[in-house]
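*Asks:* Starting off with a structure, shown below.
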Amino acid sequence: MDPLPVETSSWAQFWDAYELFRDPMLCALIAGCVLGFLSMYVVLRRMVFVSAAVTQSAGLGVALAFFAQIHLGFHVEPTLGAAGMALVSTVLLMMDPTRMRLTRESVLGLAYALTGGAAILVGDRISQEAHDIQGILFGTAVLVERPQLIAVAVVGGATLFIHLWWFRGLTFASFDRIGAMVQGLPVRLLDAVVMISIGLMVGVSARALGALPVFAFSTLSAIAALMLDLRLPWTFLVATFVGAVSGLGGYLFAYFYNFPVGGSQTVLASVLVLLALLVRTVRQLVTHGTAR
């Protein structure tokens with residue numbers, strides 16, 4: 001039986017234009033992998049809204065970079081603007097808010113609302129780059145430029161290298177802070193490594209892919225992995241895999257079915273969470289049935 005003409009045409013067009021789609025697919029794959037790995041820290045340390053605030057800050061950094069070029073005459077690379085603002089936001093969020101008689105949730109809410117609203121206001125003053133701002137905030141960008149891919153690959157590679165090298169210390173300090181202090185580990189340094197790596201990776205990834213899918217990779221990946229009740233190293237591995245599938249699979253889904261890329265990647269990450277929940281439910285039913 002001959003294949004359907006539409007499917008044949010779609011695959012043929014995809015392979016004919018593969019060089020055009022190669023960089024964004026690689027970028028989505030790398031970002032999904034690294035952010036999926038980091039999502040374990042984000043979720044287990046209850047920093048979900050930290051990720052949301054940092055992604056919004058990255059969008060503001062891009063908007064400010066365009067504003068500086070257009071209205072002030074300063075050339076600022078948007079990727080540096082995104083990474084810089086994400087890093088600044090991360091450092092500020094690391095500070096203890098109790099000194100100002102504030103809760104961490106209130107500070108996160110302020111950071112999220114302020115940076116998101118400021119990005120929209122600044123974007124309104126750079127109408128010729130408005131599509132780029134929308135892409136950063138909502139993840140509607142389809143193509144990724146080579147410098148953006150390089151930035152994601154370099155930061156992602158360095159992040160994974162450091163985290164795998166210091167895996168035991170970073171996880172110990174993150175999930176058993178008191179025990180790590182008793183053992184004499186440099187907890188503040190390890191905390192700083194985790195937070196700064198999250199901030200930098202979120203910043204460069206948001207510039208390339210948009211804030212919406214980056215937030216999904218950095219939260220939903222771990223949620224899906226934790227559903228399976230595996231040992232910690234395997235859970236990190238599954239979260240990394242879920243992030244990779246969400247990034248690359250979401251891009252392919254968007255291409256073949258003509259949907260926005262960021263939304264497709266986010267929905268696929270959510271579907272994988274539901275799939276993990278289904279697997280967990282089936283395992284529990286089988287376990288209870290066997291116990292009887």
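*Asks:* Please go through segment 14-28 and give me each residue that is hydrophobic (A, V, I, L, M, F, W, C), more than 14 Å from A216 (Cα to Cα) and in a helix (DSSP H, G or I), ordered by number.
*Replies:* F14, W15, L20, F21, M25, L26, C27
*Asks:* Then there's this: Got at least one residue in segment 226-241 being under 23 Å from T90 (Cβ atoms), open to solvent by 10 Å² or more (accessible area, probe 1.4 Å) and basic (K, R)?
*Replies:* No; the residues of segment 226-241 include none that is under 23 Å from T90 (Cβ atoms), open to solvent by 10 Å² or more (accessible area, probe 1.4 Å) and basic (K, R).
Yes/no matrix, rows are residues, columns are (1) open to solvent by 10 Å² or more (accessible area, probe 1.4 Å); (2) at pLDDT below 85; (3) in contact with a Pro (Cβ under 9 Å, 6 or more places away or on another chain); (4) in a helix (DSSP H, G or I):
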position: E7; (1), (2), (3), (4): yes, yes, no, yes
position: A12; (1), (2), (3), (4): yes, yes, no, yes
position: I30; (1), (2), (3), (4): yes, no, no, yes
position: Q56; (1), (2), (3), (4): yes, yes, no, yes
position: F66; (1), (2), (3), (4): yes, yes, yes, yes
position: H71; (1), (2), (3), (4): yes, yes, no, yes
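*Asks:* For a quick check of your reading of the model, give me the residue pairs whose first member lies in segment 67-84 and is within 22 Å of L209 (Cβ to Cβ), whose second is part of a loop (DSSP other than H, G, I, E, B), with beta-carbon atoms closer than 6 Å and at least 6 apart or on different chains.
*Replies:* F67/I126; Q69/H75
*Asks:* Give the residue that is modelled with the highest pLDDT, with candidates limited to residues of segment 86-118 that are touching a helix residue (DSSP H, G or I) at 6+ places or on another chain (Cβ under 6 Å) and open to solvent by 80 Å² or more (accessible area, probe 1.4 Å). Before you say what the answer is, go through the steps one by one.
*Replies:* Going through segment 86-118, the residues touching a helix residue (DSSP H, G or I) at 6+ places or on another chain (Cβ under 6 Å) turn out to be 86-87, 89-90, 93-94, 97, 104, 107-108, 111-112, 115-116, 118.
If we keep only those that are open to solvent by 80 Å² or more (accessible area, probe 1.4 Å) as well, we get 104, 112.
Details: R104: 71, Y112: 79.
Only one residue tops the list, namely Y112.
The values are calculated or read from the model by the stated rules, or taken from the named source; none is laboratory data. Just so it is clear, the model here is predicted, and its values are computed rather than measured. Every residue, glycine among them, receives a Cβ derived from its backbone with ideal geometry; neighbour counts consider all protein chains shown. The accessibility values were calculated without ligands, DNA or RNA, using every heavy atom of the protein model including side chains. Shrake-Rupley method; radii C 1.70, N 1.55, O 1.52, S 1.80 Å.
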